[in-house]
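Reading through the structure tokens given below for one structure.
The values are calculated or read from the model by the stated rules, or taken from the named source; none is laboratory data. Since we're looking at a predicted model, the values are computed, not measured. Virtual Cβ from ideal backbone geometry, glycine too; neighbours counted across all protein chains shown. Heads up: the accessible areas ignore ligands, DNA and RNA and are worked out on the full protein's heavy atoms, side chains in. Shrake-Rupley method; radii C 1.70, N 1.55, O 1.52, S 1.80 Å.
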Amino acid sequence: MKKYISLAVLSLAMLPVAAQETYENAKLVGEDLNGTARYVGMGGAMEALGADISTISTNPAGIGMFRKSSANLSFGMVSQEDAKSFASGHKTNMSFDQIGLVYAARTGENSYINFAFNYHKSKNFNYILSAADNLYNASQNKLTYAKAKAGLLFEGNGAGAPNFDRANIQCNQLDDIYARNLLYDQNTNTWYYDEANSYTMDRSHTGYIGEYDFNMSGNINNRVYLGLTIGLYDVNYKHYGEYVEQLPGNYWIRVADDRKISGGGADVKFGMIIRPVETSPFRIGLSVATPTWYDLSTSNYTTLTDESGSASNHENYDYRLNTPWKFGLSLGHTIGNSIALGASYEYADYGHLDSRYKTGEHYNWWYDDYTETSESDEPMNRHTAATLKGVSTIKLGAELKPVPEMAVRFGYNYITPMYEKNGFKDGTINSAGSYYSSATDYTNWEGTNRITCGLGYQMGNLKLDAAYQYQVRNGNFEPFMSYTDANDAADDNIADIVKVNNKRHQVLLTLTYTF
């Protein structure tokens with residue numbers, strides 16, 4: 001192995017635009033089942049039943065079912081099964097999950113106008129990923145070798161540092177480190193790569209997305225319920241990972257990647273609940289949510305180390321991301337005051353995620369101010385369309401009251417896979433999302449199953465609810481994209497799929513006061 005690592009710091013500031021890569025974007029979309037303990041205990045299948053503040057973000061008309069004002073506070077604990085703490089990631093974490101208020105105002109004998117505010121943690125990023133496998137002479141730096149061989153890094157047959165000013169540049173930050181330090185022998189003017197025997201990957205994901213919802217809703221003669229919610233989002237995501245390859249001769253290479261994503265977003269949600277038969281409590285719910293328009297910033301610091309030294313690069317940039325529209329259909333029915341049954345279906349096509357780069361500011365002469373402009377990252381969006389797909393979420397729930405003061409709840413969710421089975425992180429896309437990428441690994445997650453249960457007890461105006469949730473999903477992990485060389489089989493670079501999973505336990509408590 002030839003080793004001559006020296007400190008190399010890269011700045012991509014000369015690039016005029018920035019966007020994000022498909023697999024990084026996918027981490028920010030979709031939602032956990034979280035909110036009040038009653039909502040979680042029933043599997044979230046309350047979009048047609050309503051009268052729970054957590055429906056503010058799934059079917060805003062559910063707030064129109066309230067007949068009294070109330071305040072809620074929820075907190076609990078989340079634990080990952082079969083995980084070992086790594087870096088700042090811990091397998092068990094306390095969590096503040098929800099706080100909200102509903103004000104119900106009567107406007108007629110059977111009509112109300114209600115106002116509500118609710119905060120809940122819509123996504124909890126806490127997850128520890130661990131994977132390891134043999135490589136059989138494949139390696140991460142062989143990707144950079146293949147790009148150099150194909151002429152994707154430099155003008156002509158150049159060498160040294162990738163030219164990020166090229167119009168068709170197809171490299172990332174890891175390519176820059178490897179090209180500067182490992183892959184080009186300046187003495188013999190030849191390219192080479194390091195074969196690896198095996199690898200290990202450990203990464204901790206931490207943080208959350210907080211959702212702040214403001215709602216106005218009401219009903220018409222207890223038959224039609226309408227609601228509108230404006231949602232604001234607070235993104236706080238962080239990961240730190242170490243990818244280590246074992247090379248022949250007891251050598252090794254380690255890539256440490258430290259990334260943060262922060263920013264905000266907004267969306268608008270509309271909902272309706274209808275009782276088609278006046279004498280029946282059976283209800284039908286309909287809902288639609290606009291895209292969430294995210295304005296985000298990301299920063300990363302990447303370091304490559306071997307026995308002789310280290311090299312690093314870092315970057316930060318701003319970008320935008322628009323999620324797809326979301327549609328919901330739900331059914332609800334009650335039997336007396338002792339049984340409530342709910343079923344919900346939601347659909348969102350994540351193949352239509354719109355990764356966008358900022359293009360500058362536009363002066364609006366009418367208002368005498370500037371509006372920030374952006375454009376879609378078309379190459380990355382084409383990759384997203386081929387990698388992600390439409391997701392269906394099915395939620396079922398039931399509540400039984402053996403006595404008026406006590407409730408027993410059960411729920412189940414199934415979420416179809418977001419990722420195409422043959423999807424991969426393509427490091428050759430002519431996109432700013434690829435330029436700024438600092439990791440080559442990816443996971444194609446399969447469907448998600450959730451099982452929930454809960455208890456509730458009411459004492460006058462005070463109610464205490466508890467819920468338990470078990471969530472499991474399996475995934476196929478690969479440390480880098482595989483490729484085959486049609487002209488030289490020795491240059492093939494293929495890594496086997498490694499099975500990973502995310503098994504999560506959640507315990508949740510909610511305190512509610514009605515007034």
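Results, tabulated for the structure shown:
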read-out: Single unsatisfied condition, Gly30 versus (1) closer than 18 Å to Pro324 by Cβ; (2) open to solvent by 20 Å² or more (accessible area, probe 1.4 Å); (3) modelled with pLDDT of 95 or more; value: (3)
read-out: Residues being farther than 22 Å from Gln471 by Cβ, part of a strand (DSSP E or B) and free of Cβ contacts under 8 Å to residues at least 60 places away in the same chain - total across the stretch 397-444; value: 2
read-out: Answer residue from the stretch 127-158, given it is open to solvent by 30 Å² or more (accessible area, probe 1.4 Å), among the charged types (D, E, K, R) and more than 28 Å from the chain's Cα centre (by Cα) and is modelled with the lowest pLDDT among those; value: Glu155
read-out: Residues of the stretch 270-309 satisfying the condition of being part of a strand (DSSP E or B) and among the charged types (D, E, K, R); value: Arg283, Asp295, Asp306
read-out: Subset of the stretch 1-23 [surrounded by 24 or more Cβ atoms within 10 Å (Cβ to Cβ) and at pLDDT 95 or above]; value: Thr22
read-out: Failed item, numbered, when Tyr435 is tested on (1) under 30 Å from Lys142 (Cβ atoms); (2) surrounded by fewer than 18 Cβ atoms within 10 Å (Cβ to Cβ); (3) among the aromatic types (Phe, Trp, Tyr); value: (2)
read-out: Given (1) farther than 30 Å from Tyr319 by Cβ; (2) in contact with an Asp or Glu (Cβ under 8 Å, 6 or more places away or on another chain); (3) of a type outside the set (Asp, Glu); (4) without any contact (Cβ under 8 Å) to a residue 60 or more places away in the chain, number of the condition Ala256 does not satisfy; value: (1)
read-out: Filter result for Thr298 (more than 30 Å from Tyr414 (Cβ to Cβ), open to solvent by less than 40 Å² (accessible area, probe 1.4 Å) and touching a helix residue (DSSP H, G or I) at 6+ places or on another chain (Cβ under 7 Å)); value: no
read-out: Unmet criterion (only one of (1) open to solvent by 10 Å² or more (accessible area, probe 1.4 Å); (2) in a loop (DSSP other than H, G, I, E, B); (3) in contact with a helix residue (DSSP H, G or I) (Cβ under 6 Å, 6 or more places away or on another chain)) for Ala83; value: (3)
read-out: Per-region count, the stretch 470-498, residues assigned to a strand (DSSP E or B) and closer than 18 Å to Tyr23 by Cβ; value: 8
read-out: Extreme residue, surrounded by the fewest Cβ atoms within 10 Å (Cβ to Cβ), among residues of the stretch 443-469 that are closer than 19 Å to Asp97 by Cα and β-branched (Val, Ile, Thr); value: Ile451
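Residues checked against (1) out of contact with any helix residue (DSSP H, G or I) (no Cβ under 9 Å at 6 or more places or on another chain); (2) open to solvent by 60 Å² or more (accessible area, probe 1.4 Å); (3) on the phi > 0 side of the Ramachandran plot:
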residue	(1), (2), (3)
Gly241	yes, no, no
Asn250	yes, yes, yes
Pro281	yes, no, no
Ile284	yes, no, no
Leu304	no, no, no
